[in-house]
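Asks: I have a structure I would like to understand better, so I am pasting it below and will then ask my questions one at a time.
What follows is calculated from the coordinates using simple rules that are stated; it is not laboratory data. Worth saying up front: this structure is predicted, and the values here are computed from it rather than measured. Cβ sites come from the backbone with ideal geometry, for glycine too, and all protein chains shown count toward neighbours.
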Amino acid sequence: MKWALALLAAGALLFLFLSFQPSSDLAPYETLQRALTAPERHLSDLWRLAGRKDAAGWVARVELATVLLARGEAQAALPLLREALGLRESREARRLWARALEESGHSQEALAEWKKLLPEGEAVQAVLRLERDRVSAGKALVESGAYAAALEALAGLQSPPAILLCAQALAGLGRLREAAQEYERGLAFVPHEAQAWVQYGQVLEKLGEEEKARAAYQAAGPAGAYRLGLLLEGRGAVGEAIAAYLRSPDPEARWRAARLLEGQGKVSEALALYQELAKGSARVADDAAFRAFLLLSRQGRAQEAATLKSRLPPAFLWLLGEEAPPPSVGADPQGTAPEALALAEALVARFSERGEEWAQIALEMALAQASPAEALAIGVWYAKHGEWRRAFALGARLLSQTPCSAAYSLAYPQAWKESVRRWSKEYGVDPFLVWAVMREESGFLPTAVSSAGARGLMQLLPSTARWIAEEKLGLPYREELLFDPDYNIRLGTWYLRHLLDQFAGNVAWAVAAYHGGPGNLRRWTAGLRDPRDFPAALRAPETREYLGKVLNAWLIYRWLYR
């Protein structure tokens, strides 16, 4: 009941925020719109506007700087861009700032700015052009993933650092045999570079040369112990794998050691490791606490188990068949709506082409000085206008600072509600589960693309999406359709139903399969007897973490909206 009352109070507060509409002066924006149609003919207007510390002033500064750079007057553009970046951070403004610095002769300052913009193509070329130390250039380019450009920067250099950077770049490009050769050359000069040995070992594993990979990991010492343990475990050398894991400082390695010790019946040794990990802050801490709780409970040590149970997140309590209490929620902060909200609303209504962009600039600038109450009001505006990514990001930030009902509603939004309701009803999936998956997969960014190539709100691989669309739903398929929210939600929701059917309606298993793949899930859980052991059976750390996050989000959605 308290939770419901808090939500009602939050809704009333936010309604007041949105209904508060002070007058907004659009005259500067009318002038700005005219000036932008022909900037060269309206320079005097742009200079007048550039004295303002609002969205119109920010746009005017950037536009003036663009004109001045085109004229070759970079020195005159510098103060305008410095002021613009002081008012609002923007990659566009920073790109102009880097150009102006370079064209004004401030090469080293320009280089520092270009490096912040890597791996953009213009920034890559600037680093190649300005960085005198070719090893430093190669390092910056490798770290940003611009591997081909890194090889260009390092070409012909024979120092050990240059050779090892070339090896990393070659590995990043998938040229594994060449990468292995470069690692061998570099490590002959610097045999104590532990991370290089680990990288070399990973390349060798991909090449199928496990014995050489094992030697590389051993040469890396503790830094290579986790990878060595994984290799040995995969080969069935359990005792050696445990020893390797225990030499590693990585908490995930110690988790793996504990799991193997359990498998050998050495429960006391495993329990000690779980209890040690449960006290830390690594991502395995909650998993270790849950595991220790189960082992202590099975040994009849109820009092010790209860201590650990009190710190378990909602997902693990749910897996135990228990309902976690609602989160601790404070009162919504009180205050009036910022004037920027009325301005944003007016800009969107008045200027069809540029209004939304200017509104976003105005709100971002307001957020820099906003109180929690004002920030929440801006978040609600984002949600009202379908800016779900911005609403979510702002809500998540506020939730860590001000855990109140309004912040929860923003951090767990009912994004694209019509589509989610329609397709979850069509395919018999809990809509709260759809939102929980969407939240974790893409953070409500329709254009999200993962390193593996998954796309859209529910992060579907093109191959999977094509199979669902063409073979299962009889829909036309084009890859760009995956960035359409309704299309992506439909396919992702159908896939959730498909996984629920495969795993007898078990939500936890379907969620884990959504991330790790149903085939992997079956392999990992072969022989599993107690369903409470399910999280620990997930071999991939990322899938284990994903399971907890999605289940927690799902439970919070149920608390909020049910």
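Asks: Sort 290, 503 by Cβ crowding within 10 Å, fewest neighbours at the top.
Replies: Placing the least packed residue first, the sequence is 503, 290.
Asks: Relative contact order of the stretch 417-561, please, whole-number percent, based on alpha carbon pairs below 8 angstrom and at least 6 residues apart.
Replies: So the answer I get is 22 percent.
Asks: Another question, if that's okay. Summing Lys, Arg as +1 and Asp, Glu as -1, what charge do residues with Cβ under 10 Å from the Cβ of residue 382 carry, residue 382 excluded?
Replies: +2
Asks: Now a separate question. Of 115/212; 115/206; 139/206; 309/549, which ones are farther than 28 Å apart at the Cα?
Replies: Long pairs (Cα-Cα over 28 Å): 115/212; 115/206.
Asks: Output the DSSP H helices from the chain with an along-axis C-alpha extent of no less than 24 Å and a mean Kyte-Doolittle hydropathy no less than 1.6.
Replies: Qualifying helices, which must be both long enough and hydrophobic enough, are 2-19.
Asks: Could you tell me how far the Cα centroid of the stretch 238-286 sits from the Cα centroid of the stretch 419-487, in Å?
Replies: The stretch 419-487 and the stretch 238-286 have Cα centres separated by 37 Å.
Asks: Beyond 17 Å, what share of the Cα-Cα pairs of the stretch 417-561 remains, rounded to the nearest whole percent?
Replies: 59
Asks: Let me have the relative contact order for the chain, percent, based on Cα pairs under 8 Å that are six or more residues apart.
Replies: It comes to 9 percent, rounded to a whole number.
Asks: What is the pair-distance distribution P(r) of the stretch 38-117, computed from all Cα-Cα distances in 10 Å bins starting at 0, with each bin given as a whole percent?
Replies: 21, 54, 23, 3
Asks: Is the shape of the stretch 294-346 rounded, prolate or oblate, going by the alpha carbon gyration tensor and its root eigenvalues a ≥ b ≥ c, with a/c under 1.5 for rounded and a/b larger than b/c for prolate?
Replies: prolate
Asks: Still on this model: State to the nearest 20 debye the size of the charge dipole of the stretch 149-319 about its Cα centre, where the only charges are +1 on K and R beta carbons and -1 on D and E beta carbons.
Replies: Once rounded to the nearest 20, the dipole reads 600 debye.
Asks: Determine, for each peptide in 173-185, 429-441, the mean count of other beta carbons within 10 angstrom over its residues, then list the peptides with the highest first.
Replies: Taking the mean over residues of other Cβ atoms within 10 Å, the ranking is 429-441, 173-185.
Asks: What is the P(r) of the stretch 127-235, as percent of Cα-Cα pairs per 10 Å bin from 0?
Replies: 17, 45, 29, 8, 1
Asks: May I pose another question? Give me 356, 345, 323 ranked fewest to most by other Cβ atoms within 10 Å of their Cβ, as a rough exposure proxy.
Replies: 323, 356, 345
Asks: For residue 428, what is the net charge nearby, where nearby means another residue's Cβ is under 12 Å from its Cβ and Lys, Arg count +1, Asp, Glu -1?
Replies: -1
Asks: May I pose another question? Give me Rg/Rg_expected for the stretch 108-176, where Rg uses Cα atoms only and Rg_expected = 2.2 N^0.38 Å with N residues.
Replies: It is 1.01.
Asks: Next question, about the same structure. Can you compute the helix-only [θ] at 222 nm over the chain? Use -39500 (n - 2.57) per DSSP H run of at least 4 residues, normalise by all residues, nearest 500 deg cm²/dmol.
Replies: -21000 deg cm²/dmol
Asks: Which net charge results for the neighbourhood of residue 418, defined as the other residues with beta-carbon distances under 15 angstrom from its beta-carbon, given Lys and Arg at +1 and Asp and Glu at -1?
Replies: Cβ neighbours under 15 Å give a net charge of +3.
Asks: Still on this structure, I have one more. Among 554, 270, 401, whose Cα projects farthest towards the positive end of the dipole of the chain, with charges put on the beta-carbon of Lys, Arg (+1) and Asp, Glu (-1)?
Replies: 270
Asks: Another question about this same structure. Excluding residues fewer than 8 places away in the same chain, name every one of the lysines whose C-alpha is closer than 24 Å to that of residue 384.
Replies: Within reach: 417, 425.
Asks: For the stretch 486-562, compute Rh as the Kirkwood radius over C-alpha pairs and then the Stokes-Einstein diffusion coefficient at 20 °C and 1.002 mPa s; write the answer in µm²/s, rounded to an integer.
Replies: This corresponds to a translational diffusion coefficient of 163 µm²/s.
Asks: Tell me, rounded to the nearest percent, the portion of alpha carbon pairs in the stretch 188-318 spaced more than 26 Å apart.
Replies: 33
Asks: Another question, then. Calculate the radius of gyration of the Cα atoms of the chain to one decimal place, then report Dmax, the largest Cα-Cα distance, as a whole number, both in Å.
Replies: That works out to 27.7, 84 Å for Rg and Dmax.
Asks: For Cα pairs less than 8 Å apart in space and 6+ apart in sequence, what is the mean separation divided by the residue count of the stretch 149-319, i.e. the relative contact order in percent?
Replies: 10
Asks: Right, next: Return 193, 479 ranked ascending by Cβ neighbour count within 10 Å, so the fewest neighbours appear first.
Replies: 479, 193
Asks: If amide H atoms are built 1.01 Å from N in the plane of the peptide, which residues on other chains or at least 5 residues away come under 5 Å of the amide H of residue 404?
Replies: Close amide H contacts, sequence-distant or interchain: 330.
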